[in-house]
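If you scroll down you'll find the structure; I have some questions about it.
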Amino acid sequence: MQLEKIEHIGIAVKDLEKSNELFEKLFGTRHYKVEEVASEGVKTSFFKVGPNKIELLEPTKDDGPIGKFLAKKGEGIHHIAFAVEDITAEITRLKEEGFIVLNEEPKKGADNKLVAFLHPKTANGVLIELCQEVPD
Ligand code: ZN
């Protein structure tokens, strides 16, 4: 059992519209989707850059995870997401390895994914997202 690949990198931004324009210039391609995850207090947009995916995250409320992150650390890389085949099995495996899993039960994330996060303090300061594709 292992993590399969980097599924996407999440970047926290203050203003999604402005950042979409900025990253469109950088990547030379338009974002293909905007999606709000109300339960997380976040609005996201997604870019495909070759085989890779970048997620921009704008807070919709100050006391959600992205709102708090921006207040504390400012804009920048927020998390690295890894694709997994069986998220429940990975949660069990990683807990046994001593990682703190923030979501014992995987939850619905953006872009048709089941997701769970590992606490950054157990991963050298990096917030790790596990994500498993779920069919539409
Ligand atoms: Zn993500």
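What follows draws every value from the coordinates through simple rules; no lab data is involved. Everything quoted here is computed from the prediction, not taken from an experiment. Cβ sites come from the backbone with ideal geometry, for glycine too, and all protein chains shown count toward neighbours.
Using a cut-off of 11 Å between beta-carbons, work out the net charge of the residues near residue 84 (Lys and Arg +1, Asp and Glu -1, residue 84 not included).
Net charge in that neighbourhood comes out at -4.
If the limit is 31 Å between Cα atoms, which of 33/95; 25/95; 14/108; 18/95; 5/108; 14/95 go over it?
From 33/95; 25/95; 14/108; 18/95; 5/108; 14/95, over 31 Å: 33/95; 25/95; 18/95; 14/95.
Over all directions, average the projected area of the Cα convex hull of the chain and note it in nm². Walk me through the numbers before you get to the answer.
On the way: hull surface 32.7 nm².
Its average projected convex-hull area is 8.2 nm².
From Cα pairs below 8 angstrom and at least 6 apart in sequence, can you work out the relative contact order of the chain, rounded to a whole percent?
Reported relative contact order: 25 percent.
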